[in-house]
Number of protein chains: 2
Amino acid sequence: MVSSDFVIGVDLGGTKIYTALANKEGEILAEVKILTEANDGPEHVIRRIVETVNEVLKLSGFSGQPGCLGIGAPGPLDPRRGFVYQAPNLGWRDVPLKQLLEEALHMPVVVGNDANLAALGEHVFGAFRGVDDMIYVTVSTGIGGGLILGGKLYLGAGFGAGEIGHMTVEPDGPVCSCGNRGCLEALASGTAMAKRARQLVEAGSGRGIFMLAGGAMENITARVVSRAAAGGDEEALGILAGAGRALGIGLACVINLLNPSLVLLGGGAMQAGRPLWQAMTEELNKRAIRSTLQQVQVIPATLGPRSGLLGAVALAIGKG
Amino acid sequence: MVSSDFVIGVDLGGTKIYTALANKEGEILAEVKILTEANDGPEHVIRRIVETVNEVLKLSGFSGQPGCLGIGAPGPLDPRRGFVYQAPNLGWRDVPLKQLLEEALHMPVVVGNDANLAALGEHVFGAFRGVDDMIYVTVSTGIGGGLILGGKLYLGAGFGAGEIGHMTVEPDGPVCSCGNRGCLEALASGTAMAKRARQLVEAGSGRGIFMLAGGAMENITARVVSRAAAGGDEEALGILAGAGRALGIGLACVINLLNPSLVLLGGGAMQAGRPLWQAMTEELNKRAIRSTLQQVQVIPATLGPRSGLLGAVALAIGKG
């Protein structure tokens, strides 16, 4: 039997596939997380997703057919057609994700951009659910965002809205993966922090960070930088402060432009903690318009690693 | 008789009051423009507005009572209550504009922020009317903006959205009137261009500009800079290019964030013409995400000095 009271949510990432069976209240009945194995191509990834779907159904003892599957994928993509134009993390180009999954699963499939769905997840199921004007920003390998405006996910004219990571915050800053200079992502993402640390080591400093990385350049990550900072390492603290300042400038721009009442920050790099948060807040306080700043709360996202997954669930139950 | 087929629109500026009687198609039956005389206080300005209303009624030979009056005023303001918190251009603080006008005119009054109404005017009556996702930017003494998102004027959580002029485009740039550094307004407004020119003259260069200003520092305006540039003056061209670059950076941020299909540029300073436009476009092409850029047209506003006035008309006929 098909039961639209239960849906599948999938968070498809470059590294992992995270799948759950949930009810309409966003309560998860069963969840699994497996490696994406993106290197083996889209067909393989589709098979992996199907595996996770079967697995959560088995785990939950659910004998029916869920009403819908919602999936968040890296973009750019066309959410209406469920067509992924390009997903560098997955090595995908022009993959008809919706069609492939519907054929494999015999179930309606709805597709969304991962950062947009994380915003939607927080909007529908987060601790601050229901706030009409909310910006979600994820700071991890890259920096992405999703906009809830007037109570709805705002996608823009071509489903491309929310690219906070590619706002310029320092016109002559470091080169970004997109080719431009001084994008927020090039200054404040986990990748940017790790890169900055490696540059310090290459230049003969950054000893504390290098030691924490076991003396191996390739082990220098944003997490290592954060740990060094937590131990009081001045250079690591400087890196986090730089990233925080860039985030503060970018967020001030977004806040001045959109006057939201809530900004939620998610993603692994936001775990960097106090030094980053402090520098960000300082810059934000300087640059956001006073009245606008008084109307906004800037706080950590409330669903942690489940924002995207629960956004996919929200999409599947028709809250997109 | 009260006829809701006709409304009054008012564009209230620091220098001029611009008032029209219009029908529901936005056709203007009569219009007048008089000096605001803001120095004489809010009551005087209210009387001046009432004068213009009586004047357009007389000029048009309209014998009835218009259905509503829409007015655009500088902000920050609360459009619902029609309450102006602060309008430095007018020297106003806490003026209950709606209430004062309703008492004086015995007519329903609706109030909006001037830049927001200019966006609305273009959206409802401009050559590109009806485009769902549109950003309007006015570059004149200051830089303001209005956002049409999902086919509606987007006001934000506290009616403060659209402050494009106070997005940071150069973190260590010149100090803005708001107190921050490197706001778009501090780099690309008419005021900023004139200030830059004066600095050049003070530093012993900018001779061509100084001559065109009749050798008087106080006569150096953005218009003079534009004229000097049109005559090939290298320093004036440099000023326009600098402003254009800053505009390009700011617009790229807005476009990457909101993925609009239309950006309209209005205001006197946009008359600076080709050198500014060219530098802006170059920067925009560099910094906007390719797919997003392909979906957007960046063009001059189509209603010229009437954008705000027709926005007030649109508000009065209930299209806000």
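Would you say A:G156 is more than 14 Å from A:G244 (Cα to Cα), more than 8 Å from chain B (Cβ to nearest Cβ) and in a loop (DSSP other than H, G, I, E, B)? Spelling it out, it is not the case that A:G156 is more than 14 Å from A:G244 (Cα to Cα), more than 8 Å from chain B (Cβ to nearest Cβ) and in a loop (DSSP other than H, G, I, E, B). For A:I164, the criteria (1) surrounded by fewer than 23 Cβ atoms within 10 Å (Cβ to Cβ); (2) facing chain B (nearest Cβ under 7 Å) hold in every case but one, which is (1).
Evaluating B:M280 against the criteria (1) away from chain A (no Cβ under 14 Å); (2) free of Cβ contacts under 8 Å to residues at least 60 places away in the same chain; (3) buried (at least 20 other Cβ atoms within 10 Å of the Cβ); (4) under 19 Å from the mean Cα position of the chain (by Cα) leaves one unmet condition, (1). Taking strands (runs of 3 or more DSSP E) as the structural unit, those lying wholly within segment A:60-134 and holding at least 1 residues that are within 14 Å of chain B (Cβ to nearest Cβ) and surrounded by fewer than 24 Cβ atoms within 10 Å (Cβ to Cβ) correspond to A:83-87, A:92-95.
On the stretch given as segment B:10-45, residues that are of a type in the set (A, V, I, L, M, F, W, C) and assigned to a helix (DSSP H, G or I) total 2. Exactly one residue out of A:A203, A:A213 is crowded, with 16+ Cβ neighbours inside 10 Å and over 21 Å from the mean Cα position of the chain (by Cα), and it is A:A213. When every residue of segment A:286-304 is checked against the conditions, at least one turns out to be touching a residue at least 60 places away in the same chain (Cβ under 8 Å), within 21 Å of the chain's Cα centre (by Cα) and either closer than 21 Å to A:A73 by Cβ or part of a helix (DSSP H, G or I) (or both). Hey, any hits in segment A:168-191 for a residue that's in a loop (DSSP other than H, G, I, E, B), under 15 Å from the mean Cα position of the chain (by Cα), buried (at least 24 other Cβ atoms within 10 Å of the Cβ) and not acidic (D, E)? Yes, that holds for at least one residue. For B:E37, the stated conditions hold: it is at positive phi and touching a helix residue (DSSP H, G or I) at 6+ places or on another chain (Cβ under 8 Å). Scanning segment A:50-79 for residues that are without any contact (Cβ under 8 Å) to a residue 60 or more places away in the chain and among the charged types (D, E, K, R) yields A:E51, A:E55, A:K58. Checked against (1) modelled with pLDDT under 95; (2) crowded, with 23+ Cβ neighbours inside 10 Å; (3) not hydroxyl-bearing (S, T, Y), B:I220 meets all criteria but (1). Mind listing whichever residues of segment A:17-39 are buried (at least 16 other Cβ atoms within 10 Å of the Cβ), under 16 Å from A:W92 (Cβ atoms) and out of contact with any Asp or Glu (no Cβ under 8 Å at 6 or more places or on another chain)? If the condition is that a residue be buried (at least 16 other Cβ atoms within 10 Å of the Cβ), under 16 Å from A:W92 (Cβ atoms) and out of contact with any Asp or Glu (no Cβ under 8 Å at 6 or more places or on another chain), then A:T36, A:A38 are the ones that fit. Of the candidates A:A194, A:A228, A:A236, the single residue that is within 19 Å of the chain's Cα centre (by Cα), part of a helix (DSSP H, G or I), at pLDDT 95 or above and over 30 Å from B:G158 (Cα atoms) is A:A194. Please verify whether B:G145 is within 22 Å of A:A161 (Cα to Cα) and in a helix (DSSP H, G or I), treating the condition exactly as stated. For B:G145, the condition - within 22 Å of A:A161 (Cα to Cα) and in a helix (DSSP H, G or I) - is not met.
Restricting segment B:241-254 to residues that are over 19 Å from the mean Cα position of the chain (by Cα) and without any contact (Cβ under 8 Å) to a residue 60 or more places away in the chain, the residue that is farthest from the other protein chains (Cβ to nearest Cβ) is B:A241.
For A:M270, indicate whether it is within 13 Å of the chain's Cα centre (by Cα) and part of a helix (DSSP H, G or I). So A:M270 passes the test. Scanning segment A:129-164 for residues that are of a type in the set (D, E) and farther than 11 Å from B:N259 by Cα, we see that the one that is nearest to the chain's Cα centre (by Cα) is A:D133. Restricted to segment A:158-190, and to residues that are at pLDDT 95 or above and of a type in the set (S, T, N, Q), which residue is farthest from A:Y136 (Cα to Cα)? Restricting to residues being at pLDDT 95 or above and of a type in the set (S, T, N, Q), the top hit is A:T168. Listed conditions (1) farther than 27 Å from B:A197 by Cβ; (2) more than 14 Å from every other protein chain (Cβ to nearest Cβ); (3) in contact with an Asp or Glu (Cβ under 7 Å, 6 or more places away or on another chain) are all met by B:S261, apart from (2).
Within segment B:254-275, being more than 18 Å from B:M167 (Cβ to Cβ), at pLDDT 95 or above and buried (at least 21 other Cβ atoms within 10 Å of the Cβ) holds for one residue alone: B:L262. Residue pairs whose Cβ atoms lie under 8 Å apart, sitting 6 or more positions apart in sequence or on different chains, and linking a residue in segment A:177-193 that is on the phi < 0 side of the Ramachandran plot and assigned by TED's automatic domain parsing to the domain that holds A:C253 to a partner that is surrounded by fewer than 24 Cβ atoms within 10 Å (Cβ to Cβ) and hydrophobic (A, V, I, L, M, F, W, C), are A:C178/B:I289; A:R181/A:V175; A:C183/A:C176; A:E185/A:C176; A:E185/A:C178; A:A186/A:V175; A:A186/A:C176.
The values are calculated or read from the model by the stated rules, or taken from the named source; none is laboratory data. This structure is a prediction, so every number in the text was calculated from the model and none was measured. In this analysis, Cβ positions are derived from the backbone assuming ideal geometry, glycine residues included, and neighbour counts consider all displayed protein chains.
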